[in-house]
1. What number, rounded to the nearest 500 deg cm²/dmol, is the helix-based mean residue ellipticity at 222 nm of the chain, given -39500 (n - 2.57) per DSSP H run of at least four residues and division by all its residues?
2. Taking only the Cα atoms of segment 30-83, how large is their convex hull per residue, in Å³?
3. So, counting K/R as plus one and D/E as minus one, what does the shell of residues with Cβ under 11 Å around A125 add up to?
4. If you average over every viewing direction, what projected area does the convex hull of the Cα atoms of segment 38-123 give, in nm²?
5. For the chain, what are the per-bin percents of Cα-Cα distances with bins 5 Å wide, up to the bin holding the maximum?
6. What nm distance separates the two modelled labels at H89 and V69, each placed 7 Å from Cα along Cα→Cβ?
7. Given T124, Q107, L141, which one lies farthest toward the positive end of the charge dipole of segment 91-142, if we put +1 on the Cβ of every Lys and Arg and -1 on the Cβ of every Asp and Glu?
8. Relative contact order for the chain using alpha-carbon pairs under 8 Å, separation at least 6, rounded to a whole percent?
Amino acid sequence: MEKILISSCLMGNPVRYDGKDNGLTDACISQWQSQGRLLVFCPEMAGGLPTPRAPAEQQGDRVITHEGVDVTREFRLGAELALKLASEHGVKLAILKARSPSCGSNQVYDGSFSRTLIEGDGLTAARLKQAGIKVFTELELDQAQAFLRQLEG
């Protein structure tokens, strides 16, 4: 049975920068959870950042908080720890929080803190993709389900 790495905030854990969650109530998530497939992980917390914490966005190859503090090291560490966990469990599929500077896939905020989206990946999403893991966001659960069916033949 394939394991799935999933952002902790999507599972209802209050680990977002503002101390809240992005809990999903989708049937496929509930099914995967009951099957024991889900590996729940927050790269920002794993990288050493507290909750709550200052909002951060990518600015070039750095991650900077709204107050101007460089938190790139913590974001990179979280990405490496996510990859380590995924590798230990043979993960080929991840479902990560859309638009996040860690977990965003294909779109992230532009670093201006104006909620402007640009093409790009968060540090964890990029690291997982580099390792060959297929990354989806919570907005792409149908595609994630289809990919899982394909993996399991």
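1. Working: 5 runs with 49 residues, N = 153.
Value at 222 nm, helices only, nearest 500: -9500 deg cm²/dmol.
2. Details: hull volume 5.7 nm³, N = 54.
Given the Cα convex hull of segment 30-83, per-residue volume reads 105 Å³.
3. Details: positive: K97, R99, R127, K129, K134; negative: D121.
My count for the surroundings of A125 gives +4.
4. Mean projected area for segment 38-123: 5.5 nm², to one decimal.
5. Calculated P(r), rounded to whole percents: 2, 10, 20, 24, 21, 13, 6, 3, 1, 0.
6. Output for this residue pair reads 2.9 nm.
7. Looking along the dipole axis, the top candidate is T124.
8. Values: 310 pairs, mean separation 35.0, N = 153.
Over the chain, the number comes to 23 percent.
Taken together, the values in this text are just the output of simple stated rules run on the coordinates, not laboratory data. Given the structure is predicted, the values throughout are model-derived calculations rather than measurements. Reconstructed Cβ throughout: ideal geometry from the backbone, glycine too, with neighbour counts over all protein chains shown.
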